[in-house]
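Have a look at the structure below, then the notes.
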Amino acid sequence: MMPPPAPSPNDRTRARILRVNHGGEYGAIRIYRAQIAAARLTAPALSGFLADTLSHEIEHLGRFRALMPARGSRPCRMLWLWGLGGSVLGAATGLLGRQAILICTEAVERTVHRHLDDQLSYLAGRDEEMSKTILDIQQQELGHLDFAVASRGPKGVLGVALDGVVAIATETLIWLSTQGDSVRLARELKS
Ligand SMILES: [Fe+2]
Ligand SMILES: [Fe+2]
């Protein structure tokens, strides 16, 4: 029997994009679940937003998962790390209250948005189905970001620090779960 053809660099990049996005959505689900639990005590007025956002993230996870088999991609082996990181981030910010929840949403969604932008410019003319899915999802992520920015109060020094910590934690999670793949991926996306 003939061995399957080696994946082309284009296929490998698409598989990597899907793996990291799928892991990211898995982490986002854990963030919002933990925040929903904590916000019952600390910020009940946010429960509607958090529940809607969680339902979007669950849908995103399914949409990325559905694109994976045809592109030779499998879920990240370190999904547990996404789950753990997301739960810790969600619980910590959830317990801190409304402002911390919104700053966390802003920092995570802003980081996601930038990654999706890079992916979209790489995929243009290469994979229409994947581009369309990412574009749809990006619109919803932008809705989460806009709500957080519009609803939070002025950040202050502590808020700016929290934003920085969450953004670094998100980038670190992406890097760890892809074992440095995210750096290679970023390089490929620019090529
Ligand atoms: Fe999402
Ligand atoms: Fe989101």
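Numerical summary
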quantity: Filter result for residue 164 (away from ligand 1 (no atom under 16 Å from the Cβ) and at negative phi); calculated: yes
quantity: Residue among 36, 29 that alone is buried (at least 21 other Cβ atoms within 10 Å of the Cβ) and assigned to a helix (DSSP H, G or I); calculated: 29
quantity: Exclusive hit being more than 20 Å from residue 42 (Cα to Cα) and without any contact (Cβ under 8 Å) to a residue 40 or more places away in the chain, set 145, 67, 120; calculated: 120
quantity: Pick from region 52-105, criterion in a loop (DSSP other than H, G, I, E, B) and surrounded by fewer than 16 Cβ atoms within 10 Å (Cβ to Cβ), ranking: modelled with the highest pLDDT; calculated: 97
quantity: Within region 7-26, considering residues that are more than 16 Å from ligand 1 (Cβ to nearest atom) and open to solvent by 30 Å² or more (accessible area, probe 1.4 Å), the one nearest to residue 134 (Cα to Cα); calculated: 14
quantity: Residue match in region 169-187 (condition: away from ligand 2 (no atom under 16 Å from the Cβ), farther than 24 Å from residue 15 by Cα and open to solvent by less than 30 Å² (accessible area, probe 1.4 Å)); calculated: no
quantity: Some residue of region 67-76 being closer than 23 Å to residue 150 by Cα and either out of contact with any Asp or Glu (no Cβ under 9 Å at 6 or more places or on another chain) or more than 12 Å from ligand 2 (Cβ to nearest atom) (or both); calculated: no
quantity: Candidate set: region 106-136, residues that are in a helix (DSSP H, G or I) and among the acidic types (Asp, Glu); chosen: the one farthest from ligand 2 (Cβ to nearest atom); calculated: 128
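A quick yes/no check of all residues on (1) of a type in the set (Gly, Ala, Ser); (2) within 22 Å of residue 39 (Cβ to Cβ); (3) open to solvent by 20 Å² or more (accessible area, probe 1.4 Å):
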position: 107; (1), (2), (3): yes, yes, no
position: 112; (1), (2), (3): no, yes, yes
position: 116; (1), (2), (3): no, no, no
position: 128; (1), (2), (3): no, no, yes
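Here is a yes/no grid of residues against (1) within 18 Å of residue 20 (Cα to Cα); (2) open to solvent by 30 Å² or more (accessible area, probe 1.4 Å); (3) of a type in the set (Phe, Trp, Tyr); (4) in a helix (DSSP H, G or I):
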{"site": "138", "(1), (2), (3), (4)": "yes, no, no, yes"}
{"site": "142", "(1), (2), (3), (4)": "no, yes, no, yes"}
{"site": "149", "(1), (2), (3), (4)": "no, yes, no, yes"}
{"site": "154", "(1), (2), (3), (4)": "no, yes, no, no"}
{"site": "158", "(1), (2), (3), (4)": "no, yes, no, yes"}
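The values are calculated or read from the model by the stated rules, or taken from the named source; none is laboratory data. Just so it is clear, the model here is predicted, and its values are computed rather than measured. A quick note on method: Cβ atoms are made from the backbone with ideal geometry, for glycine too, and the neighbour counts reach across all protein chains shown. Ligands, DNA and RNA are stripped out before the accessible areas are found, and what is left, the full protein with its side chains, is counted by its heavy atoms. Shrake-Rupley method; radii C 1.70, N 1.55, O 1.52, S 1.80 Å.
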